[in-house]
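Right, one structure below, let's go through it.
The values are calculated or read from the model by the stated rules, or taken from the named source; none is laboratory data. Keep in mind it's a predicted model, so treat the numbers as computed, not measured. Cβ placement follows ideal geometry from the backbone for every residue including glycine, while neighbour counts extend to all protein chains displayed. With ligands, DNA and RNA removed, areas are computed over all heavy atoms of the protein, side chains included. Shrake-Rupley method; radii C 1.70, N 1.55, O 1.52, S 1.80 Å.
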Amino acid sequence: MTDWSKQPEISTFKNVELKYPQPVTLSNGIPVWVVGDGDDEVNRIELFMGGGVCEEPKPLLSYLAALLSLEGSQKMSAAEIAEAMDFYGSLKSAQPADHCAQFSLSSLNRNFASTAPILADCIASPLYSEQECMLYQQRIASNVATARQRVEYMAQEEMMRLYYGEGHPYAKEPSPEVLMGITTDDYKAFHATYYNASNVRIVFSGKVTDKEMAVLDSTIGAWHHFGEKVDPSIEPEIRPSEKMLSIVDKKDALQSAVAITLRCIPRRHPDYFKLRLLITALGGYFGSRLNMNIREEKGYTYGIHSYLAGKAHDSYACVMSSCATEHTWALISEVKKEMARLREEPMPDDELRTVKQHMLSDLMKTLDTPFSIARYVGDCFTVGIYPEYFNEQVAAILACTPADVQEVANRYLLEEKMRIVIAGDKQKLQELGEK
């Protein structure tokens, strides 16, 4: 009989491994990574096709070009496509990445032969109806105009400008005026340049049999429009601002938003996984140091978190939070104190064990289903991870010691390297800062 008075033993993860699939090719040479050991009669096809944010001449053009390509083709109107997706119980979506757009179609296996041709037609010959384009642009411009009134959005935008430099694709501001200036000719030119079979990679997941592969080959595999290929290794130059503190004014704001960044290292750097663990311990989960100190103990904020934004050639650590204006400088001071503690004191074994368990538990979700594994494969095309990344990360987390954590803290959590952005009532912030 179970003795409920005793705490159960905590077991560590062992023999965790992700087997990365090898690609097969369609008749036209497009590579397909198949994760097809699902039990249910459903599948999801994801197409990764250039170009992306780094290739767009106007902010949000890559996103809108992808999204609107699914809202009408030369064969079907937007209303007809929506009705067909509803009838077949399917879902479609599009979103941008750095060097590509990601198209997704989820279908029941029995309906895949009916839905795959719709996706193929939309990508190969989108209509870009002037009416549909204008409706989407107006809606997104309205959302942007609303978002620009929030201090969190203002801090995020300024953070990107300071970190990447003015003019960098990641730092371009998608103002409503710029959005409304995008024309159907812009969409068509972007499509003509980047939407071709030379740029397509596919991840096919779920219950994938020879029948579904045959359908894929007869649709996407029959596309023979080849053209300019995007080279994701070519990254725009980062030219950080020399300004280390920036206050973005929102008069009479009751709250401030704080964004702190530190330039770090690319994903393949030997320190990268230890740095991920360090940033997780700092503010990457509910029991983190920042959350326990600034939220739970001091009560300065409802939430504070840190993350490591990794790319193939670059990464930055970021701390973000919002608080009442009067707590702004104290919050920043406490962030600096927690960084200093990580530099000066070895992390206790119990805390390190907790952080490891949290990170490994989160990684295990990747192995849950074919769709979660497929998302990992897709990340290889969008955020700079690589096939061995998962298994290398597990090994690095398990091997990390308190000395490792302290070493990377002294290497990367340097106060003099912090770029701090505050969005809020500038006059009040300056008055508080002088006290």
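Once backbone amide H atoms are built at 1.01 Å from N, ILE265 has SER315 as its partners under 5 Å, excluding neighbours fewer than 5 places away on the same chain. Histogrammed with a bin width of 5 Å, the alpha carbon distances of the range 132-217 distribute as 3, 11, 13, 13, 14, 13, 13, 9, 7, 4, 0 percent, first bin at zero.
Take the Cα of SER333, step 7 Å toward its Cβ, do the same at GLN430, and the gap between the two points is 2.1 nm. Shown is the FRET efficiency for ASP249 and THR193, computed with R0 = 35 Å from the Cβ-Cβ distance and rounded to the nearest 0.05: 0.35. Helix 210-219 axis versus longest C-alpha principal axis of the chain: approximately 80°, rounded to the nearest ten.
Annotation note: chymotrypsin sites (Phe, Trp or Tyr not before Pro) in the range 1-107 located in DSSP loop regions with a Cβ neighbour count of at most 12 within 10 Å are TRP4.
Using 0.36 nm times the number of residues separating GLU9 and SER114, minus their current alpha carbon distance, what extension gain do you get? Display every interim value, and only then the final one.
On the way: separation 105, 0.36 × 105 = 37.80 nm, distance 5.15 nm.
This chain segment gains 32.6 nm when fully extended.
Extension gain, GLU407 to GLN357: 0.36 nm times the residue separation minus the Cα-Cα distance gives 15.9 nm. Rounded to the nearest 0.05, the FRET efficiency derived from the C-beta distance between ASP86 and PHE286 at R0 = 45 Å is 0.70. Dipole of the chain computed with +1 at Lys/Arg Cβ and -1 at Asp/Glu Cβ about the Cα centre; of LEU64, TRP329, ILE397, farthest Cα towards the positive end is TRP329.
In the range 213-342, how does Rg compare with the Kirkwood Rh, expressed as the Rg/Rh ratio over alpha carbon atoms? Write down the numbers at each step before the final one.
Values: Rg = 20.9 Å, Rh = 17.8 Å.
Reported Rg/Rh (Cα atoms, Kirkwood Rh): 1.17.
SER218 exposes around 80 Å² of accessible area when a 1.4 Å probe is run over every protein chain in place.
What's the long-distance tail for the range 305-413, i.e. % of Cα pairs beyond 20 Å?
Working: 3236 of 5886 pairs.
Roughly 55 percent, once rounded to a whole number.
The heavy atoms of MET85 offer some 10 square angstrom of accessible surface to a 1.4 angstrom probe.
Using alpha carbons only, how many angstrom separate the centre of the range 345-392 from the centre of the range 263-283? Centre-to-centre distance over Cα atoms comes out at 12 Å.
Estimated translational diffusion coefficient (Stokes-Einstein, Kirkwood radius over Cα pairs, 20 °C, 1.002 mPa s) of the range 3-67: 123 µm² per second. The angle separating the long axis of helix 272-283 from the principal Cα axis of greatest extent in the chain is about 60 degrees. The heavy atoms of VAL215 offer some 20 square angstrom of accessible surface to a 1.4 angstrom probe. Heavy-atom accessible area with a 1.4 Å probe sorts GLU130, GLU9, largest first, into GLU9, GLU130.
Relative contact order, whole percent, for the range 1-144 stands at 24, derived from Cα pairs under 8 Å and 6 or more residues apart. With only the Cα atoms considered, the range 148-287 has a convex hull volume of 234 Å³ per residue. The listed residues ARG267, ARG341, once ranked by accessible area (1.4 Å probe) with the largest placed first, stand as ARG341, ARG267.
Annotation for the range 352-435: GluC sites (Glu not before Pro) lying in DSSP loop with at most 12 further Cβ atoms inside 10 Å of their Cβ are GLU388. Its Cα gyration tensor gives the range 1-152 an equivalent ellipsoid; the semi-axes, largest first and in whole Å, are 36, 25, 18.
Whole-Å semi-axes of the range 70-129's equivalent ellipsoid, largest first, each the root of 5 times a Cα gyration tensor eigenvalue?
On the way: eigenvalues 67, 45, 18 Å².
So the equivalent ellipsoid measures 18, 15, 9 Å along its semi-axes.
Convex hull of alpha carbon positions in the chain: directionally averaged projected area 24.8 nm². With axes computed from alpha carbons, what is the tilt in degrees of helix 130-147 against the longest principal axis of the chain, rounded to the nearest 10 within 0 to 90? Orientation of helix 130-147: about 10 degrees from the principal axis.
Protein-only accessible surface at a 1.4 angstrom probe places the residues PHE273, PHE112 in the order PHE273, PHE112, largest first.
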